[in-house]
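Novice: Sharing a structure here in structure tokens format.
The values are calculated or read from the model by the stated rules, or taken from the named source; none is laboratory data. What you see is a predicted model, and the numbers here were worked out from it, not measured in a lab. Every residue, glycine as well, gets a Cβ built from its backbone with ideal geometry; the counts of neighbours run over all protein chains shown.
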Amino acid sequence: MTTNEIYRRLGVSEAVLAFGEGILAALQDRFAEIDRNAEINQAKVLAAMQKNRVNAANFAATTGYGYDDEGRDNLERVYADTFRTEAALVRPQITCGTHALAVALSANLLPGDELLAVSGKPYDTLEEVIGIRPSPCSLAEYGVTYRQVDLHDDGSFDFGGIKNAISEKTRLIHIQRSKGYCPRPTLSVSAIGEVIAACKSVKPDVIVMVDNCYGEFVETIEPSDLGADMIVGSLIKNPGGGLAPIGGYICGTQQCVDRCAYRLSAPGLGQEVGANLGLLPALYQGFFLAPNVVSGALKGAVFVAACYETLGFSVVPSAAEARHDIIQCVELGSEAGMLAFCKGIQAAAPVDSYATPVPAPMPGYDAPVIMAAGAFVQGSSIELSADGPVRPPYAVYYQGGLTWHHAKLGVLLSLQKMLDAGLIKLP
Ligand SMILES: *Cc1c(COP(=O)(O)O)cnc(C)c1O
């Protein structure tokens, strides 16, 4: 069977395929660079697994208290060595990224302390954790104050503003690497390193925490290589490699991670308890696969950006820009465009491909949200997905793809649905 026939069977016309192949031909240098990063990151993970003598006994299930769970403890050493930190907390008991961030913050901030966000407004779900939106059990309720310094309009750090905002009360600095669902540029690890150095020059003992969601393995260094005291993320994003069914991580200094463990379980118990419930094979294997999975997702992001940019749509980041996370924003300019795009992503899925995404109200959003996802793990956004609030500028956030070829099909089918709806003309 020819490639054309295979794609026709999946619903992609020859015109769309030819357009896609033309775009791809010009992306070979970008893809080679993505592969080089994946090679380095794969080596980092392998070296950490070998150093810690990962072995079959590490995959055994534990139940109950989970005392003496060597597999769990060794996975934490593997994470710590990969991200070059003193310690790590990597647990299925951390239910999601927001939970990991909430643990990291509440473990390291005490009443009277101030939390300072230096990359602008944090991710939506953190507003309730911090108490920016009043919420039971927020940090604000416990007497932790909050201050924020916005990024400059061009997305760079406001070094002057940050230095002025650091006071005696400032205990913890929050930096968010990924743009999340904001139309700002994602921060490079080196830019994060500069702001960490600036903060520590004003206050050497301040704790710097980086929300690393969607950033892991995109570059060859992580914020922990440049002085972050904690990096925090979700296992149903990049580092779970698509295989982790749940979990979060906090990697950082021994002191910070110890406190996180006491907060997650109980003072006195810390990392000693927490059964792995048989999930360790998926957590180890997912971490092993993660550098390659992230490379496939990145190729998809560059491909979707290049296709839609060529067709005249505005995309963030642009196809030629360096990548610092796996999120790609595409401004489709109309509700019909968002529907068609998401229909195509959904139609490419291995799960629920027959479903049609429709916009629906969501808590915390002022407009209906559309989501395309056909994932093995509910809500997993390292799997191919696209979503966004249906309101101007009608932007979809595209991310993930466990394999490059699946991401490619998703992009081609999005183009096909746009073409069928008369929303694009191929050159
Ligand atoms: C996804 C994400 C979170 C929250 O993670 P959940 O697993 O959805 O709770 C926090 N910050 C950023 C930047 C994210 O992308």
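Novice: Taking Leu277, is it outside any helix (DSSP H, G or I) and in contact (Cβ under 8 Å) with a residue 12 or more places away in the chain?
Specialist: yes
Novice: Identify the residue in the stretch 385-427 that is hydroxyl-bearing (Ser, Thr, Tyr) and part of a strand (DSSP E or B) and, among all such residues, is surrounded by the fewest Cβ atoms within 10 Å (Cβ to Cβ).
Specialist: Selected residue: Tyr397.
Novice: Here's something else I'd like to know. Among the residues of the stretch 102-143, which ones are among the β-branched types (Val, Ile, Thr), touching a strand residue (DSSP E or B) at 6+ places or on another chain (Cβ under 8 Å) and within 18 Å of Ile250 (Cβ to Cβ)?
Specialist: Val103, Ile130
Novice: Right, next: Is there any pair with a first residue in the stretch 164-176 that is on the phi < 0 side of the Ramachandran plot and a second that is in a helix (DSSP H, G or I) whose Cβ atoms are under 6 Å apart and which are 6 or more apart or on different chains, and what are they?
Specialist: Sorted first by the residue in the stretch 164-176, then by its partner, the pairs are Ile166/Val202; Leu172/Asn108; Ile173/Cys199; Ile175/Ile192.
Novice: Take Val369 and decide whether it is β-branched (Val, Ile, Thr), surrounded by 14 or more Cβ atoms within 10 Å (Cβ to Cβ) and closer than 16 Å to Ile327 by Cβ.
Specialist: yes
Novice: On to the next question. Output yes when any residue across the stretch 74-86 is at pLDDT 95 or above and farther than 17 Å from Phe288 by Cα, and no when none is.
Specialist: In the first step, residues of the stretch 74-86 are kept if they are at pLDDT 95 or above; the result is 74-86.
Still in the running and farther than 17 Å from Phe288 by Cα: 85-86.
Within the stretch 74-86, one or more residues are at pLDDT 95 or above and farther than 17 Å from Phe288 by Cα.
Novice: Further, regarding this structure: Inside the stretch 19-38, can you point out the residues that are free of Cβ contacts under 8 Å to residues at least 40 places away in the same chain and either acidic (Asp, Glu) or loosely packed, with under 13 Cβ neighbours inside 10 Å (or both)? Quick ask: steps written out before the conclusion?
Specialist: Going through the stretch 19-38, the residues free of Cβ contacts under 8 Å to residues at least 40 places away in the same chain turn out to be 21-22, 25, 28-29, 32-33, 36.
Answer for the stretch 19-38, where residues must be free of Cβ contacts under 8 Å to residues at least 40 places away in the same chain and either acidic (Asp, Glu) or loosely packed, with under 13 Cβ neighbours inside 10 Å (or both): Glu21, Ala25, Gln28, Asp29, Ala32, Glu33, Arg36.
Novice: Then there's this: If you take just the helices (runs of 4 or more DSSP H) that sit entirely in the stretch 1-100, which of them hold at least 2 residues that are more than 30 Å from Leu277 (Cβ to Cβ)?
Specialist: By residue number, 3-9, 14-25, 28-51.
Per-residue answers, yes or no, for (1) touching a strand residue (DSSP E or B) at 6+ places or on another chain (Cβ under 9 Å); (2) within 19 Å of Ile382 (Cβ to Cβ); (3) more than 12 Å from the ligand (Cβ to nearest atom):
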| position | (1), (2), (3) |
| --- | --- |
| Pro183 | yes, no, yes |
| Leu187 | yes, no, no |
| Pro204 | no, no, yes |
| Asn212 | yes, yes, no |
| Cys260 | yes, no, yes |
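Novice: Restrict the check to the stretch 162-176 and report whether at least one residue is under 15 Å from the mean Cα position of the chain (by Cα), at pLDDT 95 or above and within 19 Å of Pro223 (Cα to Cα).
Specialist: yes
Novice: Answer yes if at least one residue in the stretch 228-239 is more than 11 Å from the ligand (Cβ to nearest atom), more than 15 Å from the chain's Cα centre (by Cα), over 27 Å from Glu272 (Cβ atoms) and not polar (S, T, N, Q), and no otherwise.
Specialist: Applying the first criterion (more than 11 Å from the ligand (Cβ to nearest atom)) to the stretch 228-239 yields 228-231, 239.
Remaining after also requiring more than 15 Å from the chain's Cα centre (by Cα): 228-230.
Applying the additional criterion that residues be over 27 Å from Glu272 (Cβ atoms) yields none.
Scanning the stretch 228-239 turns up no residue that is more than 11 Å from the ligand (Cβ to nearest atom), more than 15 Å from the chain's Cα centre (by Cα), over 27 Å from Glu272 (Cβ atoms) and not polar (S, T, N, Q).
Here's the yes/no breakdown for (1) in contact (Cβ under 8 Å) with a residue 12 or more places away in the chain; (2) under 21 Å from the mean Cα position of the chain (by Cα); (3) under 22 Å from Pro183 (Cα atoms):
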{"residue": "Gly333", "(1), (2), (3)": "yes, no, yes"}
{"residue": "Gly337", "(1), (2), (3)": "yes, no, yes"}
{"residue": "Gly344", "(1), (2), (3)": "yes, no, no"}
{"residue": "Pro350", "(1), (2), (3)": "yes, no, no"}
{"residue": "Ala355", "(1), (2), (3)": "yes, no, no"}
{"residue": "Val377", "(1), (2), (3)": "yes, yes, no"}
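Novice: Also, I was wondering about something else. Kindly provide the set of residues from the stretch 357-373 that are in a loop (DSSP other than H, G, I, E, B) and at pLDDT 95 or above, ordered by number.
Specialist: Pro357, Val358, Pro359
Novice: Among the residues of the stretch 379-402 satisfying the criterion of being over 14 Å from the mean Cα position of the chain (by Cα) and of a type in the set (Gly, Ala, Ser), which is nearest to Pro245 (Cα to Cα)?
Specialist: Selected residue: Gly388.
Novice: While we're here: If Phe341 passes every condition in (1) modelled with pLDDT under 95; (2) under 25 Å from Ala421 (Cα atoms); (3) among the aromatic types (Phe, Trp, Tyr) but one, which one does it miss?
Specialist: It fails just one condition, (1).
Novice: Inside the stretch 169-193, can you point out the residues that are farther than 20 Å from Ile130 by Cβ and surrounded by fewer than 15 Cβ atoms within 10 Å (Cβ to Cβ)?
Specialist: Within the stretch 169-193, Pro183, Ser190 meet the criteria.
Novice: Further question on the same structure: Can you name the strands (runs of 3 or more DSSP E) wholly within the stretch 193-265 that have at least 3 residues being touching a Gly at 6+ places or on another chain (Cβ under 6 Å) and free of Cβ contacts under 8 Å to residues at least 12 places away in the same chain?
Specialist: Per the criteria, no element qualifies.
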